[in-house]
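One structure is given below, encoded as structure tokens.
The values are calculated or read from the model by the stated rules, or taken from the named source; none is laboratory data. In this text, all values refer to a predicted model and were calculated from it rather than measured experimentally. Every residue, glycine as well, gets a Cβ built from its backbone with ideal geometry; the counts of neighbours run over all protein chains shown. These accessible areas exclude ligands, DNA and RNA; they are computed on the full protein's heavy atoms, side chains included. Shrake-Rupley method; radii C 1.70, N 1.55, O 1.52, S 1.80 Å.
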Amino acid sequence: MTEVEYQSISPSDFFYRNREIAGFSNPSRAIYAAVRELVENSLDACEARRVPPNIYLRITEVAASETGSSIYTLRIEDNGTGVPAEHIPHCFGQVFYGSKYTLKQARGTFGLGGTITILYGQITTHKPVRITSSTGGDIHEYEMMIDIEHNRPLILKHTVLDNKKGWRGTAVELQLEGDYSRSRYRLYEYLKQTAMVNPYADITFVDPRGRLYRFKRATEQMPPLPKPVKPHPHGIDVETFRRLVAITKARSMKAFMMEHFQGVGPTTAEKFLRAAKINPKAKPSSLKPEDIVRLVRAAREFNDFIRPDPSCLSPIGVELLETGIRKELNLREDDFLKVVQRKPATYLGFPFIVEAAIAHGKSIAKQSRGGITIYRFANRIPLLFDESSGVVWKVVNRNINWATYKVSSDTPLVVVVHVCSTKIPYKTVGKEYMADQPEVEREITNALRSAARSLRLYIARSIRLAHEKRRLNIFGKYLPKIAEFSAKLSDREEPPDVRPLLAAVSASLPEVEKKISEVPQIVGQDS
Amino acid sequence: MSDKIVSDAEKQRESVELYLKQLGNIIYEQIENREFPWIMMQSRSTDNIIYDPDLRQYVLGDRMIRRHSRNIRHIRPFTQLVWTAWFARELLRLRKTSTLREVYYSARGQRDIEFKNQAESDNIITDLETALNTPREEFNIFPEERSAIFGDLTIEYTVPGYEGKRMNLTEHPDGVMIGPALTSSKFVETSADKVLVIEKGAMFTRLVEEQAHEQFNAILIHTAGQSPRSTRSIIHRLNRDHGLPVYIFTDGDPWGVHIAMVIISGSANAAHLRGLATPEAKWIGVWATDIIKYKLPTENLTDYDVKRLKELTADPRYKEELWQREIATFLKIGKKAELEAFSRYGLTYIVDEYLPAKLEGL
Ligand SMILES: Nc1ncnc2c1ncn2[C@@H]1O[C@H](COP(=O)(O)OP(=O)(O)OP(=O)(O)O)[C@@H](O)[C@H]1O
Ligand SMILES: [Mg+2]
């Protein structure tokens with residue numbers, strides 16, 4: 001008989017062994033994943049503080065390693081909330097520790113990303129991480145490593161510095177192994193697209209070759225901060241339910257339902273509990289595990305809850321999205337851009353909002369080889385991998401018949417889709433693409449169709465304008481010649497005046513020209 | 001007499017110039033009246049080309065079309081038409097002649113008027129002919145000269161520098177090229193009693209060498225393939241004005257047959273013009289029945305030849321018995337023969353035996 005050894009591993013250990021889940025699968029992917037985690041933490045921190053983000057990112061090469069990839073120092077600095085000194089070691093030295101466990105939309109959710117980045121750096125270089133942060137008072141600087149086995153920080157050095165200039169923010173500096181040249185393109189795309197959906201952010205990036213990339217902010221305006229909300233019964237899972245039962249102060253199940261879930265009043269609570277065959281007066285603590293399973297299942301099937309509250313969502317907004325897209329695609333006045341924001345909808349009890357845009361015109365034609373370029377975002381994070389597996393690709397290539405909108409296969413188009421939700425329907429743990437949840441798919445389809453209706457008008461008008469211009473051009477060429485030779489032919493000195501005829505040809509032109517400069521509005525487009 | 005000839009030509013020139021000027025006037029005034037200029041002319045589309053059995057040639061029907069500069073597709077050809085009219089008027093004013101090819105090249109460098117190819121400029125010239133009902137030769141625009149004439153015919157030139165000068169067409173043994181000067185000349189006198197039209201240059205040379213013009217008392221004309229309009233107009237004049245019967249001698253194949261027919265009945269392309277067809281002319285060979293009768297060396301008809309022959313059977317110009325018989329025979333024997341085929345019986349056989357026999361047989 002073989003001897004079986006039982007052991008428990010710490011979460012840090014687990015992620016150490018399974019780091020590809022978090023995106024650190026290979027050296028070129030690692031740099032991208034690290035930047036992404038850290039940039040997102042910084043953006044979250046700035047938004048929490050309600051200041052337009054200033055993010056400074058620098059990657060420098062330390063030494064080439066024998067594998068062909070190199071060791072890099074990665075430094076990121078922001079002007080966000082900062083982390084209170086006592087939380088710094090845990091936030092950065094322990095997984096599942098964080099400030100974003102409420103039900104509101106943020107980029108980070110798991111209390112994992114920053115730490116796993118640090119962990120990866122530590123594994124590949126054996127160097128400590130340095131965190132510098134201030135919430136407005138003193139500046140605290142930690143040099144630390146992660147005790148992988150025990151999932152806890154190991155502080156090597158802690159310095160407190162005077163904060164004469166009143167700096168607030170966080171700086172993280174770590175070393176990691178990676179392959180910059182192979183991740184360069186993705187990294188640039190990531191930053192550009194991040195800038196697109198965060199037009200109020202100012203991002204500076206200095207790459208290992210000393211090149212400076214600057215994504216300037218185009219506006220100071222930021223989208224409203226999402227409000228934290230209680231969970232909706234449709235979206236609850238057994239584990240969360242169990243935890244709520246354990247901590248609740250409610251004395252009855254009816255009170256429990258009203259207290260911990262959104263939009264549940266006394267009548268609904270009672271109706272629901274009856275349907276779930278649970279006595280409304282029962283004490284929460286008396287629930288057996290099978291009762292909880294039954295309640296969760298019943299909650300999913302019960303149809304009388306009011307719709308999930310979307311105030312926890314933070315869509316970018318039509319105006320900001322337009323600003324961001326114009327800025328990052330370098331659109332000109334006469335290029336076409338239509339941004340559509342759908343009304344909140346829900347899937348499986350999670351509220352979500354779809355925002356979509358279509359851009360088209362000379363500027364797009366210049367930067368593309370024709371056809372449709374897709375930009376995907378989830379909670380304002382660009383999705384860069386597995387495009388053809390995702391729901392947006394499916395909508396663009398299957399659901400929408402572009403010919404209806406006068407778009408041919410080589411018409412240069414940019415399609416932007418942003419889904420924000422308390423729970424993005426990611427298909428994999430890698431958070432790379434969204435699954436085709438029917439409700440989400442339908443909303444994306446409707447959003448794009450609605451934007452495409454404007455596009456159709458624009459294209460029709462462009463065709464008409466080009467046609468009118470060509471006409472005028474042709475008449476402008478030939479009428480004077482006819483005049484000239486008819487005069488010569490009939491022995492006259494001066495040709496007849498063709499201006500009245502040209503005026504008649506171009507009579508309709510200014511009207512068409514004016515129309516093209518305004519994006520067509522279609523009734524009922526934004527719902 | 002020669003003064004009268006010259007002044008006739010001069011009058012004709014002036015009247016054509018006036019037509020052109022009037023065209024300019026109409027267009028000028030239309031523009032002045034804030035109207036997009038337009039002109040009317042007979043339609044030359046196939047459904048308006050009708051075979052007139054009395055005239056024995058193609059003519060244009062009554063359908064008129066309007067060339068309108070308001071139309072985006074018409075404005076360019078319309079402009080080209082006005083330019084071409086102006087160009088023609090300049091030719092007449094300067095007493096210069098030009099060729100179809102030259103017109104095409106003269107428009108080069110005229111921005112936006114430039115012709116894409118010569119077919120385009122030829123077409124515009126045909127428009128101008130139709131609109132003014134005047135053959136292009138009267139605008140002093142001639143085709144490339146390839147054909148020639150030889151025989152006892154005295155002509156008098158009307159072209160500048162040669163006015164009143166006379167020449168007998170036997171003076172040059174290669175024949176005299178049928179160009180603008182010859183086309184515009186007057187035919188003063190001839191002793192010939194017939195015209196012999198030959199498709200090929202080599203055969204023409206042979207006939208001149210063999211003094212066939214004396215033997216047959218004929219004027220010889222060489223068409224160099226499908227005959228140019230100026231050549232057809234000369235044949236027409238010799239027949240109509242001088243009463244000379246015309247005999248046409250071509251290769252024995254569908255293409256030779258049609259060269260003869262175009263001289264006799266004109267072409268659909270020139271349906272807008274009169275004075276080009278010679279309905280009295282006779283095709284004397286090489287017939288399909290000659291191939292059999294003279295056991296001529298042959299080649300097989302190609303698919304293309306056969307297709308063409310079948311087209312010809314359906315053509316209204318070919319409805320007379322001779323043509324139908326010969327086409328049927330070609331198709332039956334599946335063979336064709338060139339004029340040169342007679343060489344198998346010696347170089348002079350054609351002059352000594354074949355032609356006399358043929359002319360006799362008529
Ligand atoms: N730049 C920063 N400024 C302020 N707080 C930060 C910063 N970076 C990290 N934090 C804090 O550290 C916590 C842990 O960050 P971490 O990236 O590990 O998890 P997360 O962002 O909550 O979730 P996710 O795993 O989805 O990234 C955050 O919740 C936040 O409170
Ligand atoms: Mg994070």
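General observations
So that you can scan it fast, the table gives a plain yes or no per residue for (1) open to solvent by less than 30 Å² (accessible area, probe 1.4 Å); (2) within 16 Å of ligand 2 (Cβ to nearest atom); (3) in contact with a helix residue (DSSP H, G or I) (Cβ under 7 Å, 6 or more places away or on another chain); (4) at pLDDT below 90:
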residue	(1), (2), (3), (4)
A:Asn18	no, no, no, yes
A:Ser25	no, no, no, yes
A:Ala34	yes, yes, yes, no
A:Arg50	no, no, no, no
A:Ile55	yes, yes, yes, no
A:Gly68	no, no, no, yes
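- Here the helices (runs of 4 or more DSSP H) wholly within the range B:239-356 that include at least 2 residues being more than 30 Å from B:Glu189 (Cα to Cα) and among the hydroxyl-bearing types (Ser, Thr, Tyr) are B:303-314.
- Residues within the range B:26-71 that are within 11 Å of chain A (Cβ to nearest Cβ), open to solvent by 40 Å² or more (accessible area, probe 1.4 Å) and not in a strand (DSSP E or B), tallied: 8
- Qualifying residue in the range A:106-121 (condition: within 16 Å of ligand 1 (Cβ to nearest atom), modelled with pLDDT of 95 or more, under 22 Å from A:Leu43 (Cα atoms) and touching a strand residue (DSSP E or B) at 6+ places or on another chain (Cβ under 7 Å)): no
- Members of the range A:389-404 found to be part of a loop (DSSP other than H, G, I, E, B) and touching a residue at least 40 places away in the same chain (Cβ under 8 Å), listed by number: A:Gly390, A:Ile400
- The set of residues in the range A:405-423 being in contact (Cβ under 8 Å) with a residue 60 or more places away in the chain and either open to solvent by less than 60 Å² (accessible area, probe 1.4 Å) or more than 18 Å from A:Arg342 (Cβ to Cβ) (or both) consists of A:Val414, A:Val416, A:Val417, A:His418, A:Val419, A:Cys420, A:Ser421, A:Thr422.
- Every condition in (1) more than 30 Å from A:Leu313 (Cβ to Cβ); (2) of a type in the set (A, V, I, L, M); (3) modelled with pLDDT under 95 is met by A:Leu225 except one, and the failing one is (1).
- The residues of the range A:480-505 that are open to solvent by less than 50 Å² (accessible area, probe 1.4 Å), assigned to a helix (DSSP H, G or I) and facing chain B (nearest Cβ under 7 Å), listed by number, are A:Lys481, A:Ile482, A:Ala483, A:Phe485, A:Ser486, A:Ala487, A:Leu489, A:Pro500, A:Leu501.
- Residues (more than 21 Å from B:Arg146 (Cβ to Cβ), assigned to a helix (DSSP H, G or I) and open to solvent by 90 Å² or more (accessible area, probe 1.4 Å)) located in the range B:90-114: B:Arg93
- Top-ranked residue in the range B:312-336 [being open to solvent by 30 Å² or more (accessible area, probe 1.4 Å) and touching a Gly at 6+ places or on another chain (Cβ under 9 Å); ranked as farthest from B:Gly285 (Cα to Cα)]: B:Lys335
- Hits in the range A:274-308 - residues which are assigned to a helix (DSSP H, G or I) and closer than 19 Å to A:Ala246 by Cβ: A:Pro284, A:Ser285, A:Ser286, A:Pro289, A:Glu290, A:Asp291, A:Ile292, A:Val293, A:Arg294, A:Leu295, A:Val296, A:Ala299
- Residue in the range A:430-449 that is under 18 Å from the mean Cα position of the chain (by Cα), modelled with pLDDT under 95 and open to solvent by 50 Å² or more (accessible area, probe 1.4 Å) present: yes
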